[in-house]
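The block underneath contains the structure these notes are about, expressed in structure tokens.
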Amino acid sequence: MTTVLALRALGLGDALTGIPALRGLRRAHPDARLVLAAPAGVGGFLASFGVVDDVLDTAGLQPLRWTGEPPDVAVNLHGCGPQSHRLLQQVRPRRTVAFACPEAGHGDGPPWPAQAHEVDRWCGLVRWAGGDCSPDDLRLPGRREEAHVVLHPGAASGSRRWPVDRWAAVAAGLAGRGREVVVTGVPAEADLCARVAAAHPGVRDACGASSLAQLADLVASAALVLCGDTGIAHVATAFGTPSVLLFGPVSPDHWGPRIDAERHTVLWHPHEGDPAGDPHADETDVRLRRVQVDDVLAAAEAHLTSAAVG
């Protein structure tokens with residue numbers, strides 16, 4: 001059997017934006033075994049939907065623990081190289097699909113599209129290699145609607161975390177209007193989530209209480225999701241759950257919802273002369289700080305009222 005190995009050893013949001021490219025690889029190699037080199041949790045999540053067949057547990061740019069015959073095709077969906085290219089070269093694939101990278105000795109590929117949306121970037125590579133795919137392939141099945149609102153205040157870096165007192169004010173505002181608010185986060189964000197949940201007795205703290213599959217189900221069944229530029233935003237996009245997304249420092253042109261624009265409100269307030277944004281910085285980005293509590297509450301109520309009307 002033909003084996004296709006795709007490298008995308010990144011987090012949840014990255015994994016979800018890579019779904020169209022993976023589905024394109026499936027179409028290009030319909031009889032192949034499609035293996036994803038990714039962290040076991042997010043890889044297993046994609047495998048549960050049939051996006052890939054197997055997962056090679058890989059975090060970041062660690063060496064690939066590949067055994068057996070070399071893969072027939074290795075696809076770099078991780079980065080522009082050279083490190084990620086060299087990881088795939090070490091497993092001696094018969095063919096490599098990747099963006100051109102002279103530093104890694106790989107010239108057979110299209111140039112890196114630095115300004116492309118993340119979804120379009122990887123779709124473009126796979127289409128170049130013969131796999132049909134589009135942003136519509138982002139969708140996952142399982143959407144159903146219940147009454148709760150998911151509020152996810154955390155993010156991997158400080159620059160993408162809206163101030164906790166503002167999240168608390170949003171939680172209190174929604175709960176005070178009779179909305180069922182559920183606060184989510186990873187175990188390391190327990191203190192952050194607790195501070196938000198303490199804003200109103202009607203807010204439920206579900207931080208760290210769910211597996212990835214359970215968290216995804218909570219998002220897939222929500223009436224609305226509120227969060228920053230983080231993995232949960234991409235879960236909402238995949239399931240078609242309405243969302244209010246607070247962006248900064250990275251533009252939504254690169255990482256925002258790529259489909260169903262009418263379902264998602266993006267709050268993004270750049271000004272001329274702003275400093276370059278660093279998505280890994282410790283301090284909350286200036287563009288994100290410009291988003292106000294009233295902005296978020298107004299956008300949330302607009303979605304919830306529209307859903308109630310029809």
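Listing for the model above:
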{"quantity": "Test: residue in region 78-98 that is aliphatic (A, V, I, L, M), open to solvent by less than 60 Å² (accessible area, probe 1.4 Å), in contact with a His (Cβ under 7 Å, 6 or more places away or on another chain) and without any contact (Cβ under 8 Å) to a residue 40 or more places away in the chain", "calculated": "yes"}
{"quantity": "Residue match in region 135-143 (condition: open to solvent by less than 60 Å² (accessible area, probe 1.4 Å) and either part of a loop (DSSP other than H, G, I, E, B) or farther than 28 Å from A236 by Cα (or both))", "calculated": "yes"}
{"quantity": "R121, sole failed condition from (1) touching a residue at least 40 places away in the same chain (Cβ under 8 Å); (2) basic (K, R); (3) buried (at least 20 other Cβ atoms within 10 Å of the Cβ)", "calculated": "(1)"}
{"quantity": "Residues of region 245-282 satisfying the condition of being more than 29 Å from R139 (Cβ to Cβ), open to solvent by less than 50 Å² (accessible area, probe 1.4 Å) and not small (G, A, S)", "calculated": "D274"}
{"quantity": "Test result for G231, under 14 Å from P141 (Cα atoms) and not aliphatic (A, V, I, L, M)", "calculated": "no"}
{"quantity": "Among (1) out of contact with any Asp or Glu (no Cβ under 7 Å at 6 or more places or on another chain); (2) under 23 Å from P279 (Cα atoms); (3) open to solvent by 10 Å² or more (accessible area, probe 1.4 Å) - the single one R160 does not satisfy", "calculated": "(1)"}
{"quantity": "Of the criteria (1) over 23 Å from L16 (Cβ atoms); (2) touching a residue at least 24 places away in the same chain (Cβ under 8 Å); (3) not basic (K, R), which one V73 fails", "calculated": "(1)"}
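Listed here are the residues, each with its yes/no results for (1) modelled with pLDDT of 95 or more; (2) over 30 Å from A116 (Cβ atoms).
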{"position": "L174", "(1), (2)": "yes, yes"}
{"position": "L215", "(1), (2)": "no, no"}
{"position": "D229", "(1), (2)": "yes, no"}
{"position": "P275", "(1), (2)": "no, no"}
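The values are calculated or read from the model by the stated rules, or taken from the named source; none is laboratory data. Everything quoted here is computed from the prediction, not taken from an experiment. Backbone-built Cβ (ideal geometry, glycine too); neighbour counts: all protein chains shown. Only protein heavy atoms, including side chains, enter the accessible area calculation; ligands, DNA and RNA are left aside. Shrake-Rupley method; radii C 1.70, N 1.55, O 1.52, S 1.80 Å.
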